[in-house]
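Undergrad: One structure follows; several queries about it will come next.
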Amino acid sequence: MFMYCSTACLADLIHLCVGASLAAVLGQDGRRVLLVEKDLKEPDRILGELLQPGGYQALSQLHLADCLDGIESEAIQGYVVHDYASKSNVVLHYPKDSHGQITEGRAFHHGRFVSRLRQMASCHKSVTVIEGTVTKLLYDGNCIVGVEYTTSGVFCKKVVKAPLTIVADGCFSKLRKALVTEAVCVPSYFSGLLLEDCPQFQWNHAEIVLGDPSPILVYKISPKHTRVLVDTPGLLQKDIKGYMLEKILPQLPAHLRDSFRAALYSERVRSMPNSFLPASHAEKTGVILLGLYTTSIPIQLITQDISITLVINCYGNEYFFAVEMEKKADIKSDKAAFLGAV
């Protein structure tokens with residue numbers, strides 16, 4: 001049985017669960033923030049490991065780019081698109097900046113990056129970081145005025161109030177249903193492996209394999225490790241390792257196969273749902289929901305013969321790719337075959 005321990009208004013706002021980056025930025029402004037994280041240990045996730053150039057630029061503008069230092073992050077300057085059907089490859093570079101340099105994204109171990117963001121947030125005197133579980137939102141009529149939470153080993157429910165509560169507890173949110181009525185749709189799953197000492201087709205470039213039945217994403221997240229994410233439409237495969245071995249492995253470019261096969265036999269395949277939840281209006285005041293809705297990020301990539309725009313749709317914490325291609329007049333025959341296959 002829990003007892004209640006009331007507290008005074010500790011913060012200008014409460015930031016729940018994930019979102020240390022926002023807490024760090026508000027801390028720079030001297031605002032009082034209570035950051036409630038369910039678990040302060042380094043997260044171990046297979047997603048949230050690649051910042052596109054726009055995200056990297058935004059991180060710099062927020063004075064948080066230092067969070068990528070000391071975690072073995074890898075520079076990403078574009079993509080290599082492998083088309084399995086036509087056996088063709090296209091190297092795509094990010095656009096150049098005003099100084100003529102190719103813009104960069106960054107890839108990294110998710111947990112290391114989040115831990116650095118938390119450190120950055122906690123270094124501000126106005127930010128308080130608590131390891132706890134939020135059990136419910138507090139209401140005053142139609143307004144959210146705070147939260148109730150518990151901490152490990154303490155049989156006491158605590159109450160904290162603030163003028164603004166920011167809910168950012170990810171695709172498995174337990175608080176979402178209290179604020180929006182739309183159901184989450186899961187069109188597919190990402191199944192991930194971590195490859196060791198895997199060669200790259202093009203230095204500092206992520207890779208996309210246009211396979212059957214869906215794309216495969218490959219990117220280096222540290223000098224030793226390369227992430228492979230396989231999109232599996234519909235329900236998650238029961239024998240995911242067998243599916244990877246029989247269906248996916250033969251479709252991979254030759255330089256990836258040995259490392260992929262070794263990872264299949266040495267580690268477990270981890271899967272996450274690709275959750276789709278369109279934005280909707282929360283019928284409450286005093287609260288903001290972050291990281292739960294759909295946004296589209298267009299990224300232009302340039303090659304000699306093709307202009308390509310990748311539209312990255314962010315569904316909760318997940319990412320999907322739509323490819324728009326524009327052929328130039330003098331396109332070569334092998335590139336035309338690639339476009340035809342796409």
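Undergrad: Looking only at residues in the stretch 147-166 that are under 21 Å from Val25 (Cα atoms) and not basic (Lys, Arg), which one is most open to solvent (accessible area, probe 1.4 Å)?
TA: Only one residue fits best here, namely Pro163.
Undergrad: Look at Gly54 and say whether it is open to solvent by 40 Å² or more (accessible area, probe 1.4 Å), outside any strand (DSSP E or B) and under 30 Å from Pro253 (Cβ atoms).
TA: Criteria met by Gly54.
Undergrad: So for the stretch 121-136 (the condition being of a type in the set (S, T, N, Q) and more than 14 Å from Ala24 (Cα to Cα)), does at least one residue qualify?
TA: yes
Undergrad: Do any strands (runs of 3 or more DSSP E) entirely within the stretch 133-199 hold 2 or more residues that are over 24 Å from the mean Cα position of the chain (by Cα), and if so, which?
TA: 133-140, 143-150, 156-161
Undergrad: Any idea which residue in the stretch 16-32 is most open to solvent (accessible area, probe 1.4 Å), counting only those that are in a helix (DSSP H, G or I) and over 18 Å from Val160 (Cα atoms)?
TA: Per the criteria, the residue is Gln28.
Undergrad: Any residue at all in the stretch 72-86 that is under 19 Å from the mean Cα position of the chain (by Cα), of a type in the set (Gly, Ala, Ser), surrounded by fewer than 20 Cβ atoms within 10 Å (Cβ to Cβ) and in a strand (DSSP E or B)?
TA: Checked against the condition, which is being under 19 Å from the mean Cα position of the chain (by Cα), of a type in the set (Gly, Ala, Ser), surrounded by fewer than 20 Cβ atoms within 10 Å (Cβ to Cβ) and in a strand (DSSP E or B), the stretch 72-86 yields at least one hit.
Undergrad: Name the single residue that is nearest to the chain's Cα centre (by Cα) among those in the stretch 87-102 being within 29 Å of Pro213 (Cβ to Cβ) and polar (S, T, N, Q).
TA: It comes out as Asn89.
Undergrad: Any chance you could count how many residues in the stretch 33-51 are open to solvent by 30 Å² or more (accessible area, probe 1.4 Å) and over 17 Å from the mean Cα position of the chain (by Cα)?
TA: Adding up the residues that qualify gives 4.
Undergrad: Could I ask something else about it? For residues in the stretch 120-146 being among the aliphatic types (A, V, I, L, M) and touching a Lys or Arg at 6+ places or on another chain (Cβ under 6 Å), which is surrounded by the most Cβ atoms within 10 Å (Cβ to Cβ)?
TA: The residue in question is Ile144.
Undergrad: Is the stretch 184-192 home to any residue that is closer than 30 Å to Arg261 by Cβ, β-branched (Val, Ile, Thr) and open to solvent by 20 Å² or more (accessible area, probe 1.4 Å)?
TA: The answer is yes; a qualifying residue exists.
Undergrad: With respect to Glu74, determine if the residue is closer than 27 Å to Met272 by Cα, at pLDDT 95 or above and charged (D, E, K, R).
TA: So Glu74 passes the test.
Undergrad: For the stretch 96-117, which positions are surrounded by fewer than 18 Cβ atoms within 10 Å (Cβ to Cβ) and of a type in the set (Phe, Trp, Tyr)?
TA: Residues satisfying the conditions do not exist here.
The values are calculated or read from the model by the stated rules, or taken from the named source; none is laboratory data. What you are looking at is a predicted structure, and each value in this text was computed from that prediction instead of being measured. Note that we place each Cβ from the backbone using ideal geometry, even for glycine, and neighbour counts take in every protein chain shown. These area figures cover heavy atoms from the full protein model, side chains too; ligands, DNA and RNA do not enter into them. Shrake-Rupley method; radii C 1.70, N 1.55, O 1.52, S 1.80 Å.
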